[in-house]
1. For K47, go through the lysines and keep the ones whose alpha-carbon is under 24 Å away, minus same-chain ones fewer than eight residues off.
2. Can you tell me which lysines have their Cα less than 23 Å from the Cα of K109? Leave out same-chain residues fewer than eight positions away.
3. Just the accessible area per residue of segment 309-436, please: how many Å² with a 1.4 Å probe?
4. Please report, for the Cα atoms of segment 27-135, the Rg to one decimal and the Dmax as a whole number; what are they, in angstrom?
5. Would you mind getting the accessible area per residue of segment 520-562, heavy atoms of the protein chains only, 1.4 Å probe, in Å²?
6. Just reorder F59, F328 by solvent-accessible area, largest first, 1.4 Å probe, all chains present.
7. Could you order D31, D463 so the one with the most accessible surface comes first? Probe is 1.4 Å.
8. Mind ordering 219-225, 162-168, 237-243 by average Cβ neighbours within 10 Å, highest first?
Amino acid sequence: MNLKKYFVRALHRLQKGPGYTYKELLVWYCDNTNTHGPKRIIKEGPKKKLIWFFLTLLFASLVFWQWGILINTYLSYNVTSSLSIGFKTMKFPAVTVCNANPFKYSEVKHLLKELDRLIEAALERILQPTPGNGSENISPPLDLELWHQIPLVLIDEHDKDNPIILDIFESNQGAVGNQSTTGNQTTKKYKLAVKLCSHQGSDNCTYRNFTSAAQAVTEWYILQSTSILSKVPLQERIRMGYQAEDMILACLYGAEPCNYKNFTQIYHPDHGNCYIFNWGMDEEALNSSNPGAEFGLKLILDISQQDYIPYLSSAAGARLMLHQQKSFPFLKDQGIYAMAGTETSIGVLVDELERMGYPYSDCTMNGSDVPVKNLYSQYNTSYSIQACLRSCFQNHMIEICGCGHYMFPLPEGVNYCNNEDNPGWAYCYSSLRSSIRHRQICIDSCKETCNDTQYKMTISMADWPSEASEDWIFHILSYERDMSTNVTLDRNGIIKLNIYFQEYNYRTISESAATTIVWLLSSLGGQFGFWMGGSVLCLIEFGEIIIDSLWITIINVIGWCKGLKQKRAQARYPDAPPTVSELVEAHTNLGFQHEDGGALPRDEALPPEPGTPPPNYDSLRVRPLDVLGPDSDAE
């Protein structure tokens, strides 16, 4: 009951309001606030009152303007980068080594036989000094069906507005370059291009132009060989690549000997069989005991350059990359070459990057919040932005072209592209690769990792072995590999690698919030105190007057609505309502009527018949509470 009375009194207090008008409330605030300025408005004379009103309004505007700038700065979530240097025992990086040539030519020659004959005939046509000395009488005849799927063409740019397209095997044109005819000094300029069509015989074609015929031939050969090799099973491709026991001749980590069994084999589409040391998949990662070349990894590799594919690999050497454990090596983007016949020393410095997550940056911890399906997860490797970008491109190619590119992993139920099953795949792939829109979609979808480790390398090289020592070194290495007393190795196929930490100092580049909530509150208070001489209590006072103003406004609105409702009721019932006494008299007279319906005087009313119960006058009795209304106090 007491609780009910408390709520009733509180309701009455709310209905009553603060007891001020707007003017009285404003005067009370100016007279009692601790903020400088408002007091002077009501206490000074007319002229000073106007000046103080202007100054107060000006400085209040400046405060709100500064507050807006500060809040916007805080909500921009800027970061500052700090660099710190530490010293500790570090994990030795994972080292991936591959051959620059993906397959042994002796193993894939039967697959590329027709392709090699085509490119040799095309080069003969391109480089012939005079028309007619081409390859028309080649026996056996060339398989031009393979050529027509992705042909090489010559573009005559003598008339730049109307260039002439010439098929190499259908034209009698001569050498690529400039031809001058003595007499009229006419010069014809030819460019070699790869012709890509949506399907064979279609006019919907595009031409990939190159400034050099060497670039055009290499690009054409890669496209054609990709189509051929995509149909070869994975295990067969692994067999055709360079095996670990043939490629890794010697291994030493610190003072401990190692061999090819300490490497993990993976198949890389660009480089064939690759071998990773200290990947950390099956065993704990190795720690480096000390900095310096004597405590690093030493390798001697045989790249067998004499067995390179002539038109596929124009560079010779080993491709290597340093990366974190359990991460996939993207050698095409981040790898470096080691040249044959040299000893390459690689000194390593470590940079650790620590980025702040949302809302300060759009980085990810493990890729779980990235909308792109990571196709490289089949290798059980960690997320990286390179894996995300390639997975995104492969997903787009599968969606648009109907097949996957040979250089990227495949999801289940999808096949690699080839000329027989997908005649227009090269055109689709070229269009997709040059599409800025699709590229931007992938860039927007993928995120950087919040924590990353980068290895900075200092590279130096020297000839190895020297002329004085090459005889006995090649004898020993040949015997260890082939059990032969003859020298089976030469300078063009041997590479020595030294990989080590230069020092144990590592750099940590970390991000921290440039603005915090403490900075925001102190800056807001500083601006308010500087311009208005206020504090937090002044803000509470200002909040109080805002609440009271809203309170008065709500009561006035309710009163206005009640008045409007009463006016509508009076317009509907213009006569005054009956009083209580009139209602009692009307109900009393209902019982005194003639049998014919006429009213009887009170003194002529007939007595009730015997046995008839007396009339119930309680129903006509009006209780005081009903007259006073439900809100009246019955006490």
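The values are calculated or read from the model by the stated rules, or taken from the named source; none is laboratory data. Note that this is a predicted model, so its numbers are computed, not measured. Here the Cβ positions follow ideal geometry from the backbone for every residue, glycine too, while neighbour counts run over all protein chains shown. Only protein heavy atoms, including side chains, enter the accessible area calculation; ligands, DNA and RNA are left aside. Shrake-Rupley method; radii C 1.70, N 1.55, O 1.52, S 1.80 Å.
1. K23, K39
2. Correct list for K109: K231.
3. Numbers: 5630 Å² over 128 residues.
Result: 44 Å² of accessible area for each residue.
4. 41.8, 111
5. 64 Å²
6. Putting F59, F328 in descending order of accessible area: F59, F328.
7. Highest to lowest solvent-accessible surface, that is D463, D31.
8. Taking the mean over residues of other Cβ atoms within 10 Å, the ranking is 219-225, 237-243, 162-168.
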